[in-house]
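The values are calculated or read from the model by the stated rules, or taken from the named source; none is laboratory data. A quick note: this is a predicted structure, and the numbers were derived from the prediction, not measured. Don't worry about glycine lacking a Cβ; one is built from the backbone with ideal geometry, like all the others, and counts go over all protein chains shown. Surface areas here come from the heavy atoms of the whole protein model, side chains and all, with no ligands, DNA or RNA. Shrake-Rupley method; radii C 1.70, N 1.55, O 1.52, S 1.80 Å.
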Amino acid sequence: ITSPATDEKTISTDQKTVTIQATPAAGYAFQNWTNANGDVVSTDATYTYTGETDASFTANFGVNFTYSVGANGSASFMVGTTSLGSGTVIAVGTEVTIVATPNAGKFAQVVVNGSEVALTENSCTITVEEETNVVVSFVDEIYTLTLNIIGDGEVMVTDGVTPAAGPSGTEYTTGNNI
């Protein structure tokens with residue numbers, strides 16, 4: 001409460017105008033002020049109440065939710081049926097559904113705060129517990145080639161074949177991407 005100045009969370013005043021200010025802790029951002037009914041009364045961190053009745057206000061803080069989407073596809077970020085824009089402040093504990101739609105021949109990858117997230121049918125739901133950055137990228141589809149050897153022998157994998165001369169080009173071993 002900045003006017004009249006006090007460190008108290010509840011005050012009694014005979015003044016008709018009281019100014020309150022919300023200051024987010026590190027890693028958080030101010031969302032809004034709500035009244036006792038849960039109605040948003042201000043989206044500014046500084047709010048001036050002018051009235052002659054008892055009143056209760058709640059400062060709501062959340063975390064920043066940012067994202068970027070690479071070329072070769074699109075992505076949506078939803079809370080329920082509401083689409084989120086990058087830079088939106090959301091409450092801790094909010095579930096966000098991410099749907100990545102790659103162009104033909106591409107594969108979607110979603111990285112949340114530096115860690116890749118598993119997708120099911122190009123979709124995932126995350127629970128936001130801290131400031132969150134999502135990177136959606138689209139890469140060439142990768143297929144796994146598994147070779148088994150039965151008996152005594154060896155197999156060579158290369159990226160090229162010359163019909164008369166046999167395998168040519170770069171030789172690959174287990175775990176390489178071609």
Simple spin-label estimate for Val117/Met78, 7 Å along Cα→Cβ, in nm, reads 1.4
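Where does the charge balance sit around Ala108 when Lys and Arg score +1, Asp and Glu -1, over other residues with C-beta under 15 Å from its C-beta?
-3
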Hey, rough spin-label estimate for Tyr143 and Phe57, points 7 angstrom out along Cα→Cβ, what's it come to in nanometres? 6.3
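Contour minus end-to-end for Met156 and Ser68, with contour as 0.36 nm per residue of separation and end-to-end as the Cα-Cα distance?
Values: separation 88, 0.36 × 88 = 31.68 nm, distance 4.02 nm.
Gain in length upon complete extension: 27.7 nm.
Take Phe57, Phe77 and sort them by solvent-accessible surface of the protein heavy atoms, 1.4 Å probe, largest at the top. Provide the component values of the computation, followed by the final result.
Details: Phe57 60, Phe77 0 Å².
Accessible-area ranking of Phe57, Phe77, largest first: Phe57, Phe77.
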